[in-house]
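Inspection log for the structure reproduced underneath, given as structure tokens.
We did not get these values from a lab; they are worked out from the coordinates using the rules stated. Values in this document were obtained by computation on a predicted structure and should not be read as measured data.
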Amino acid sequence: MPFIEPLPYDELPNDIQRIFDGVEKQQGFVFGNWLIMAHAPHIFKGFRQFIYAVLNPNVVEKRTVELAILQTSLLNRCRY
């Protein structure tokens, strides 16, 4: 159970609802940390710009991104 509960969809600002709708349509779900960051829309929007820049294959090679994800998971003792 998270320390901070995600905001219900109907309490999200309209612009974040649209973002989440697009993400859910593309991926089938919205990441839990995104739902939590929606409590602070300015932080969420900055994080979203950052993560999209990092995941852009023209900015960072896919292999480097995958290695960073793996290392982060190992450091956090993530089981998946």
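Helix 41-55 and the long axis of the chain differ in direction by around 30°, with both axes built from C-alpha atoms.
Would you work out the relative contact order for the chain, in percent, from Cα pairs under 8 angstrom that are 6 or more residues apart?
Values: 30 pairs, mean separation 17.5, N = 80.
The normalised contact order for the chain reaches 22 percent.
This structure gives mean projected area of the Cα convex hull in nm², computed directly, and of (i) 6.4; (ii) 5.4; (iii) 6.0 that value is listed as (i).
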